1. From the list I121, I130, pick out the single residue that is in a loop (DSSP other than H, G, I, E, B), among the aliphatic types (A, V, I, L, M) and within 13 Å of the ligand (Cβ to nearest atom).
2. Can you report the number of residues in the range 228-240 which are away from the ligand (no atom under 12 Å from the Cβ) and closer than 17 Å to G274 by Cα?
3. Restricting the range 1-32 to residues that are within 16 Å of the ligand (Cβ to nearest atom) and not in a helix (DSSP H, G or I), which is nearest to E98 (Cα to Cα)?
4. I'd like the full set of residues that are out of contact with any Lys or Arg (no Cβ under 9 Å at 6 or more places or on another chain) and of a type in the set (A, V, I, L, M), limited to the range 210-246.
5. Give the residue, chosen from R75, R54, R45, that is away from the ligand (no atom under 16 Å from the Cβ) and either surrounded by fewer than 22 Cβ atoms within 10 Å (Cβ to Cβ) or under 22 Å from the mean Cα position of the chain (by Cα) (or both).
6. Please verify whether the range 327-344 includes one or more residues that are small (G, A, S) and either within 16 Å of the ligand (Cβ to nearest atom) or within 20 Å of the chain's Cα centre (by Cα) (or both).
7. Cβ-Cβ below 7 Å, separation at least six or inter-chain, first residue in the range 100-117 and among the β-branched types (V, I, T) and within 12 Å of the ligand (Cβ to nearest atom), second at pLDDT 90 or above and in a strand (DSSP E or B): which pairs?
8. Looking only at the range 162-185, decide whether some residue is surrounded by fewer than 20 Cβ atoms within 10 Å (Cβ to Cβ), β-branched (V, I, T) and away from the ligand (no atom under 15 Å from the Cβ).
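The values are calculated or read from the model by the stated rules, or taken from the named source; none is laboratory data. Predicted, not measured: the structure shown is a model, and the values here were computed from it. So basically every Cβ, Gly included, is an ideal-geometry build from the backbone, and we count neighbours across all protein chains shown.
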Amino acid sequence: MRARKIGVLTGGGDCPGLNAVIRAIVRKGVQEYGYEFVGFRDGWRGPLENDSVRLDIPAVRGILPRGGTILGSSRTNPLQVENGIRRVKENLADEEVEALIVIGGEDTLGVAARLADDYGINVVGVPKTIDNDLSATDYTFGFNTAVGIATEAIDRLHTTAESHMRVLVVEVMGRHAGWIALHSGLAGGANVILIPEQRFDIEQVCAWVTSRFTSSYAPIVVVAEGAMPRDGDLVLKDESLDSFGHVRLSGVGEWLAKQIEKRTGKEARTTVLGHVQRGGTPSAFDRWLATRFGLHAIEAVRDGDFGKMVALQGTDIVRVPIADATARLKTVDPALYEEVGVFFG
Ligand code: F6P
């Protein structure tokens, strides 16, 4: 009998651990269930243009610790392309793909939810994003690695800030949610942490910065790229939109340093961590989580449990409707932010 064929794709911004998921899916799927796999290239562009590669066990050897994704990624949105969904359906049928495992964040999984609910395509989702802003899962893989990188950067910036007694502003990723800023800022002993969920008062930020100079330590301000001043808007470098309608963020760190210099008279510099947070090898935790997500995703396929996403709840991997994860973002609770605020200033 012909083996069942399963498709896999990775979409949206890449993050450490994607390869670990692919490896786990293929290893378990081939070894235990005798499936065949096809990897679609560059997120939704693959099934849209029928661009795929064969995924077998030799193809996934050695990729566990590798950052990025062997399948490539993109922010292609088939819902925005003429006849996009029809083309995806036809190409999956041409390839005789019976189920598709979609590894992605809010946008990529949003498309997966539509395909499952409105078009009856057999889809299983795996949550990924360094931002950790997907509901229904306690953590996404990639987040722990990003927090580790940001924390190490903050540790390093403390010593240079103190040598020159200047302010160092660290801009980290986090479009709608301040999880990376909050976790790395707390772990790195930042004096100010600014997140998208809470508009900040620049006067208050300057007061915290100034109070730090009364000690022999220099202030570190950690700001998420999506953080906004109370009386202003997102600080942007350019206004261009991706195919999911998102603007490119970054710029708030530079803006803050200028404001701090102007208002406090203290020298201030900015470090934008950018894609360093997304690149390179995954942490041990992310390898563990990504691998378990992969194992459970292929089990969901085997059970025919489609339209679901694997999720971490406590220490268990569970299945939830994909729509539950994409309907609303998981943002930082004001009470949690307040708890961390004891270290500001
Ligand atoms: O969605 C994850 C994320 O890391 C955001 O925090 C960030 O705004 C975005 O990706 C940047 O992605 P890119 O540079 O690939 O467009």
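1. Exactly one of I121, I130 is in a loop (DSSP other than H, G, I, E, B), among the aliphatic types (A, V, I, L, M) and within 13 Å of the ligand (Cβ to nearest atom), namely I130.
2. 1
3. Filtering the range 1-32 for residues that are within 16 Å of the ligand (Cβ to nearest atom) and not in a helix (DSSP H, G or I), the one nearest to E98 (Cα to Cα) comes out as T10.
4. V221, V222, V223, L234, V235
5. None of the others qualify; the one that does is R54.
6. yes
7. T108/V102
8. Within the range 162-185 (the criterion being surrounded by fewer than 20 Cβ atoms within 10 Å (Cβ to Cβ), β-branched (V, I, T) and away from the ligand (no atom under 15 Å from the Cβ)), the answer is no, since none of the residues qualifies.
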